[in-house]
Amino acid sequence: MPDGTALMRAVLVGVDFGKGDFAASLEELSLLSRSAGADPIMTITGRRASPDAALFVGSGKANEIADAIFDHQIDIVIFNHALSPAQQRNLERHLKVRVIDRTSLILDIFAQRAKSHEGKVQVELAQLQHLATRLVRGWTHLERQKGGIGLRGPGETQLETDRRLLGERVKALRARLEKLQKQHATQRRARGRNHVFSVSLVGYTNAGKSTLFNTLTKARAYAADQLFATLDTTSRRIYLGEAGNVVISDTVGFIRELPHQLVAAFRATLEETIHADLLLHVVDGASPARMEQIEQVNMVLQEIGADHIPQLLVWNKIDAAGLEPALERDEYDKIRRVFISAQTGSGLDLLREAIAERAQEHAASLEDARLYASDDVNV
Ligand SMILES: Nc1nc2c(ncn2[C@@H]2O[C@H](COP(=O)(O)OP(=O)(O)OP(=O)(O)O)[C@@H](O)[C@H]2O)c(=O)[nH]1
Ligand SMILES: [Mg+2]
């Protein structure tokens, strides 16, 4: 939000290339811009076979955007796409207001939300990497305004530093993250020695992970109707009767077209996920886009190397979807999916049961592996 003043008035621009769910993706852009502190006044859409090299949209569409800016006192234009540095520069020259793309918008939300030292380091790294491609242009074509969307994080002084200094900063941030990663590894080894079953909550942003984390652990993680409410990983131990203790972690949510810099930068935060014994894949069962969201989450999991970890689908928000709590098994009697409401608490007993069963199966398989290994030695 620009220095506590009125919200920035934004126009959203989406071009339909005939791929994916165009309407859902635009709806999400609107939520993203609200989460970043902008007020999406209107949406301009178009249809093209491929982006225009200079302006991303055609010149007719660019003029339509210019008219809208004039008619509605627009402060910022937000594209639902990744713009090249040249396209962004040309658009800003043409439209005379700030133009940002989906990646910058997401980076901006992350910059606003980052609380922990580690989170801040990761966001700054991602921002610098994103900026590195844009540094050459200078910012003279637009009046410099402090704050506001797309301008947070690395301050103007950093913008003015040359690439060499930027490179050094990136190197220093990487080194700091590496150190943090080593600390995580040490903690995990300690836990590994005690054979604590570890469960990680994953899922699309706003699916209800933090709400579920809170009800399962009686913790108070920040849950809100915002995209990317959570950025840091929080872990708690819970006791599940015969299955003993398990450690459960809440972490950052995923989104379609999650900027690659962010995925890479958030590796340290996502370490818990990469090394979990079980992933609870939380799905917003009331969202019309749920199937696509599941797919997107699986794609990010693949990107971070966590696609081999067993998953349990947690079909959340059954209260809103008008469904009953249930536990679904596959043809091998393995639990596939649990229907719950993290908010009302219905189905949570089934979920605890499911986690306990998976933990016990895991313990049994470790025991088998151990026996098998010692057999080998005896032969
Ligand atoms: N109706 C309903 N709403 C829910 C349920 N669980 C969570 N919510 C709401 O969904 C919104 C998002 O919840 P969070 O727990 O913050 O979601 P998250 O997955 O942690 O989101 P990020 O941290 O942004 O990735 C909040 O407004 C919750 O109150 C549920 O079972 N039913
Ligand atoms: Mg959360």
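The values are calculated or read from the model by the stated rules, or taken from the named source; none is laboratory data. The shown structure was predicted, so the numbers you read here are calculated from the model rather than taken from an experiment. All Cβ positions, glycine included, derive from the backbone under ideal geometry; neighbour counts span all protein chains shown. Just so you know, the surface numbers come from the protein's heavy atoms only, side chains and all, with ligands and any DNA or RNA stripped out. Shrake-Rupley method; radii C 1.70, N 1.55, O 1.52, S 1.80 Å.
Key figures
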| quantity | calculated |
| --- | --- |
| Burial order of peptide ranges 165-174, 27-36, 49-58 (average beta-carbon count within 10 Å, highest first) | 27-36, 49-58, 165-174 |
| List K61, K218, ordered by accessible area with a 1.4 Å probe, largest first | K218, K61 |
| Mean ellipticity per residue at 222 nm, deg cm²/dmol - from DSSP H runs of n ≥ 4 across the chain, formula -39500 (n - 2.57) | -14500 deg cm²/dmol |
| Y372 accessible area, assembled protein chains, probe 1.4 Å, Å² | 150 |
| Computed lengthening from E367 to I238, 0.36 nm per intervening residue step minus Cα-Cα distance | 44.2 nm |
| Relative contact order of the chain, pairs being alpha-carbon contacts under 8 Å that are 6 or more residues apart, as % | 13 |
| Kyte-Doolittle mean at least -1.0, axial Cα span of 24 Å or more - DSSP H helices of the chain | 348-378 |
| Global geometry of the chain, whether rounded, prolate or oblate, following the gyration tensor of its Cα atoms and the 1.5 cut on a/c | prolate |
| Length-normalised contact order for the range 232-300 - Cα pairs under 8 Å, 6+ apart - percent | 29 |
| Within the accessible area of the chain (1.4 Å probe), percent carbon and sulfur | 51 |
| Estimated FRET transfer efficiency (D52, H260; beta-carbon r; R0 35 Å; 0.05) | 0.90 |
| Å² of accessible area per residue within the range 20-92, as computed with a 1.4 Å probe and no ligands counted | 44 |
| Where the range 230-358 is the region considered: accessible area per residue in Å², 1.4 Å probe | 43 |
| Residue-count net charge about D16 - beta-carbon cut-off 11 Å; Lys, Arg +1, Asp, Glu -1 | +2 |
